[in-house]
Amino acid sequence: MVDSFNHCSFGHLRSFVKGVWSFCKGVMNSKSWVFQSFNGVIVVGSLLSFLLAIAYAYLFLFPIFQPAIDNSHEIPHSNNSISECNYFEGNWIQDENYPLYDASHCPFAERGFNCLANGRRDRGYTKWRWKPKNCEIPRFNAREILEKMRGKRVVFVGDSLGRTQWESLICMLMTGVEDKRSVYEVNGNKITKQIRFLGVRFSLFDLRIDFYRSVFLVQPGPVPRRAPKRVKSTLKIDKLDDISNEWIDSDVLIFNSGHWWTPSKLFEMGCYFTAGGSLKLGMPITGAFKKAMHTWASWANTTINANRTSMFIRTFESSHWSGRNRLSCKVTRRPSSRTGGRDRAEFPTS
């Protein structure tokens, strides 16, 4: 399935069996990418990409759950002409009708990620909407999407980035539910990063939206015998996470991994890589990440039913941390129009 990781393409690709899986040059320089099993690849940009992904899902995934999506679509215009719309080419514009939900009124939004509740005074950052260059994205309609998702299961897998996307989707959809008590965590758990599985059910719509914490997507492993003392733990980069079987039965499957693939989260913590049962002390993080993505892609190719499940994967978000110890946060008030400086670094700083 995976023949190369050499260049970046937004276009519709051939089937997974013969296809070429593309990464932006140097894998780790890529902000984000989306793989769709068996039939294609879609890339989702890093800056505020979740809102764009939700809009994309609104337009194409939920109505018919297609196994493949091209980033160019024919859009009818008022003059009866047909033109192509690239949803990845556009700008962020201010919209006074945003935000789409109030985190303070959503029981599934973590307090730690509620900027306004934690003292942020400006609100302009909540009012940005993505506007494609040559077409319009319909406004998010929670009730309509709930109806189209009736009886479905959406699964997020990843780290805190995936968890906050999971929370946001739930909060957005809750605006279309009158009886808030009909929406609940299936095990009665509070939303916390300490729990590996969280599932929320919209009982009136028989809809499940689940989150699985798997920050590397691959299996953790023990310390091999006769390993150097600096090795405290390992990652089996050739084995997908042992809870992966729980992800298969889904209609939309959204992965993220990247922010933990850094020296501070790996080597400095004594975590190294194994493959084929052998310790790979000399393997760089970039090579291990690439191998882990091959492992994930192979699993997706052989396990996921593309006729049912739409798949996405994304990697890094831009970092806002700065200072000598990376403890200062530069508050961003406007979307970034282009990357530069450390945004192009091999690893993010968060």
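The values are calculated or read from the model by the stated rules, or taken from the named source; none is laboratory data. Note that the coordinates shown come from a computational prediction; the quantities given were computed from them, not determined experimentally. Positions of Cβ are generated from backbone atoms using ideal geometry, with glycine treated the same way; all protein chains shown enter the neighbour counts.
For the range 159-182: of the residues being in contact (Cβ under 8 Å) with a residue 24 or more places away in the chain and not in a helix (DSSP H, G or I), which is nearest to ASP210 (Cα to Cα)?
Filtering the range 159-182 for residues that are in contact (Cβ under 8 Å) with a residue 24 or more places away in the chain and not in a helix (DSSP H, G or I), the one nearest to ASP210 (Cα to Cα) comes out as ASP159.
Every residue, every condition in (1) touching a strand residue (DSSP E or B) at 6+ places or on another chain (Cβ under 8 Å); (2) surrounded by fewer than 22 Cβ atoms within 10 Å (Cβ to Cβ), yes or no:
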| residue | (1), (2) |
| --- | --- |
| VAL155 | yes, no |
| ASP159 | yes, yes |
| GLY162 | yes, no |
| ILE170 | yes, no |
| GLY176 | no, yes |
| ARG196 | yes, yes |
| PHE202 | yes, yes |
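Determine which single condition GLU96 fails, assuming it passes every other condition in (1) farther than 29 Å from TYR184 by Cα; (2) among the charged types (D, E, K, R); (3) modelled with pLDDT under 90; (4) assigned to a loop (DSSP other than H, G, I, E, B).
(3)
Working only within the range 242-260, note down all residues that are closer than 15 Å to THR295 by Cα and not in a loop (DSSP other than H, G, I, E, B).
Taking the range 242-260 as the starting set, the residues that turn out to be closer than 15 Å to THR295 by Cα are 242-245, 255-258.
Matches in the range 242-260: SER244, ASN245, PHE255, ASN256.
Quick one: LYS291 ticks every box in (1) outside any loop (DSSP other than H, G, I, E, B); (2) closer than 26 Å to GLU167 by Cα; (3) charged (D, E, K, R) bar one, so which box is it?
LYS291 satisfies every listed condition except (2).
Which residue out of PHE267, PHE273 is over 30 Å from PHE108 (Cα atoms) and more than 24 Å from the chain's Cα centre (by Cα)? Walk me through it before giving the result.
On the way: PHE273 fails: more than 24 Å from the chain's Cα centre (by Cα).
Unique residue meeting the criteria: PHE267.
Hey, any hits in the range 134-145 for a residue that's crowded, with 19+ Cβ neighbours inside 10 Å, among the aliphatic types (A, V, I, L, M) and at pLDDT 95 or above?
Within the range 134-145 (the criterion being crowded, with 19+ Cβ neighbours inside 10 Å, among the aliphatic types (A, V, I, L, M) and at pLDDT 95 or above), the answer is yes, since at least one residue qualifies.
Examine the range 300-309 for a residue that is modelled with pLDDT of 95 or more, under 21 Å from TRP166 (Cα atoms), of a type in the set (Val, Ile, Thr) and buried (at least 23 other Cβ atoms within 10 Å of the Cβ), and state whether such a residue exists.
yes
Could you identify the single residue in VAL231, VAL186 that is among the β-branched types (Val, Ile, Thr) and in contact with a Lys or Arg (Cβ under 7 Å, 6 or more places away or on another chain)? Before the answer, list the steps.
Values: VAL231 fails: in contact with a Lys or Arg (Cβ under 7 Å, 6 or more places away or on another chain).
That would be VAL186, the only listed residue that is among the β-branched types (Val, Ile, Thr) and in contact with a Lys or Arg (Cβ under 7 Å, 6 or more places away or on another chain).
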